[in-house]
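Read through the structure below, which is laid out as structure tokens, and then see the notes.
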Amino acid sequence: MTNKHKTLGEFIIENQQSFQYSSGELARLINSIRLAAKVVNHEIRKAGLVDITGAAGEINVQGEAQQKLDVYANDIFKETLINREIVCGIASEEEDDFVIVEGSNKKNENNYVLMMDPLDGSSNIDVNVSVGTIFSIYRRLTPTGTPVTIDDFLQPGRNQVAAGYVAYGTSTMMVFTTGDGVNGFTLNPAIGTFYLSHPNMKIKETGKIYSISEGYYAHFGKGMQAYLNYCKEEEGDRPYTARYIGSLVADFHRNLLKGGIYIYPRSKTAPNGKLRLLYECNPMAFIAEQAGGKASDGFTRVMDIVPTELHQRIPFHTGSKQMVIKSEEFMAKYK
Ligand code: P6P
């Protein structure tokens, strides 16, 4: 069968032997994420028609107004994973603390923990701009059959066994890695099937797109200001093109396909940056590296950072390797 007709289900079956610790558990986990993504996608696609956009009236642990679809997406992914008893713990941007998943017999023999941002960029929902789901999967560190502890979640990103995102854009795509390259699947909404549309995705060594919210320029450090001025100089392949959607998954996905860099730096108002290490930066970093790109906090490889808390934020530079390296040079120069 040629790649382009292969479904995500067939891909998972064909590759489950290469999924680490291939007990079939990871394959079932990826499969469940696929199901939840289709359910959330269906709700997003009709968001403008029913009263499901807008704020849910709650403030999440991030201090951000929870959008109704945030809460809905969080519930769908949680329920889908818990009902199938294929994870022993879940951490989510929308949950103050991690969720211990008890097996039906109160003994949970599963070995995977999942961390997610169920609906990233949700503030864009009301203005009909792309949003996304981001997920990151690890094997637990504590003994099988015992309740998970915070140690199972505070693992460095290099321990990830799988990571991916769902981009709810002009089409719905699921892009993920299990450590053996990056593959993209596009949903055919007519039949609810994801097809392998982007096999073995690779990001260009360098690019001409930079994605950053330049409105905060005055709040950035000297190094970041100098890098932005570099991007806009008329020299060689510059000035670069500025593209910033305000939705990490959408900006990251475009740069993965065309080459480019996404930066959410530290600033006066966000001293540790805005993006969360566990369920935004680490999964995107795993994908970036597997596609030949790079991801750092401006100084240190993201996947080498040992987390100290569940919702920890870090500055985030990711995309084409040479562009990330150049940004790091400016950060080092003005450190
Ligand atoms: P700002 C969305 O809230 C998000 O986490 C990312 O998806 C996005 O890139 C960033 O924040 C946008 O933040 O401060 O530019 O609105």
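Return yes or no: is Gly292 on the phi > 0 side of the Ramachandran plot, without any contact (Cβ under 8 Å) to a residue 40 or more places away in the chain and outside the structural domain of Ile90 (by TED's automatic domain parsing)? Quick ask: steps written out before the conclusion?
Values: on the phi > 0 side of the Ramachandran plot: yes; without any contact (Cβ under 8 Å) to a residue 40 or more places away in the chain: no; outside the structural domain of Ile90 (by TED's automatic domain parsing): yes.
Spelling it out, it is not the case that Gly292 is on the phi > 0 side of the Ramachandran plot, without any contact (Cβ under 8 Å) to a residue 40 or more places away in the chain and outside the structural domain of Ile90 (by TED's automatic domain parsing).
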For region 161-172, indicate whether the set of residues that are surrounded by fewer than 21 Cβ atoms within 10 Å (Cβ to Cβ) and under 18 Å from Phe286 (Cβ atoms) is non-empty. yes
From the residues in region 315-335 that are touching a strand residue (DSSP E or B) at 6+ places or on another chain (Cβ under 8 Å) and without any contact (Cβ under 8 Å) to a residue 40 or more places away in the chain, which one is least open to solvent (accessible area, probe 1.4 Å)? Glu328
Those residues that are within 17 Å of the chain's Cα centre (by Cα) and either among the aromatic types (Phe, Trp, Tyr) or under 22 Å from Ser92 (Cβ atoms) (or both), I need them from region 316-335; list them, please. Phe316, Thr318
Can you tell me which residues in region 120-148 are without any contact (Cβ under 8 Å) to a residue 40 or more places away in the chain and within 22 Å of Ala36 (Cβ to Cβ)? Tyr138
Lys268 passes all but one of the listed conditions (1) under 17 Å from His198 (Cβ atoms); (2) more than 12 Å from the ligand (Cβ to nearest atom); (3) open to solvent by 10 Å² or more (accessible area, probe 1.4 Å); (4) of a type outside the set (Phe, Trp, Tyr); the exception is number (1)
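Residues being open to solvent by 50 Å² or more (accessible area, probe 1.4 Å) and more than 11 Å from the ligand (Cβ to nearest atom): count how many of those fall in region 271-314. Spell out the reasoning first.
Of all residues in region 271-314, those open to solvent by 50 Å² or more (accessible area, probe 1.4 Å) come to 271-272, 274, 289, 294, 299-301, 304, 306, 308-309, 313.
Those left that are additionally more than 11 Å from the ligand (Cβ to nearest atom): 271-272, 289, 294, 299-301, 304, 306, 308-309.
Total meeting the criteria: 11.
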Within region 21-33, which residues are open to solvent by 50 Å² or more (accessible area, probe 1.4 Å) and assigned to a helix (DSSP H, G or I)? Arg28, Asn31
Out of region 238-263, which residues are away from the ligand (no atom under 13 Å from the Cβ) and either basic (Lys, Arg) or open to solvent by 70 Å² or more (accessible area, probe 1.4 Å) (or both)? Arg238, Leu257, Lys258
Among (1) under 30 Å from Arg28 (Cα atoms); (2) β-branched (Val, Ile, Thr); (3) away from the ligand (no atom under 16 Å from the Cβ) - the single one Val175 does not satisfy: (3)
Of the listed residues (Asp152, Asp117), the one being open to solvent by less than 30 Å² (accessible area, probe 1.4 Å), within 15 Å of the ligand (Cβ to nearest atom), touching a residue at least 12 places away in the same chain (Cβ under 8 Å) and acidic (Asp, Glu) is Asp117
For region 90-114, give me the residue count where each residue is outside any loop (DSSP other than H, G, I, E, B) and open to solvent by 10 Å² or more (accessible area, probe 1.4 Å). 2
Are there any pairs, at least 6 apart or on different chains, whose C-beta atoms fall under 7 Å, with the first in region 207-226 and within 12 Å of the ligand (Cβ to nearest atom) and the second open to solvent by 30 Å² or more (accessible area, probe 1.4 Å), and if so, which? Ser211/Arg243; Ser211/Tyr244; Ile212/Tyr244; Ser213/Tyr244; Glu214/Ala242; His219/Lys268; His219/Thr269
Can we say Glu235 is open to solvent by 20 Å² or more (accessible area, probe 1.4 Å), in the same structural domain as Thr318 (by TED's automatic domain parsing) and touching a strand residue (DSSP E or B) at 6+ places or on another chain (Cβ under 9 Å)? no
In region 120-131, which residue that is of a type in the set (Val, Ile, Thr) and open to solvent by 20 Å² or more (accessible area, probe 1.4 Å) is nearest to Ala288 (Cα to Cα)? Val129
Residues of region 132-146 being under 20 Å from the mean Cα position of the chain (by Cα) and open to solvent by 30 Å² or more (accessible area, probe 1.4 Å), in sequence order, are Arg139
Need the failing condition index for Leu119 against (1) within 16 Å of the chain's Cα centre (by Cα); (2) aliphatic (A, V, I, L, M); (3) within 25 Å of Ser23 (Cβ to Cβ), just the number. (3)
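The values are calculated or read from the model by the stated rules, or taken from the named source; none is laboratory data. Quick caveat, the model's predicted, so the values are computed rather than measured. FYI the Cβ positions are ideal-geometry reconstructions off the backbone, even for glycines, and counts take in every protein chain you see. For the accessible areas, the whole protein counts, side chains as well, though only heavy atoms, and no ligand, DNA or RNA atoms are used. Shrake-Rupley method; radii C 1.70, N 1.55, O 1.52, S 1.80 Å.
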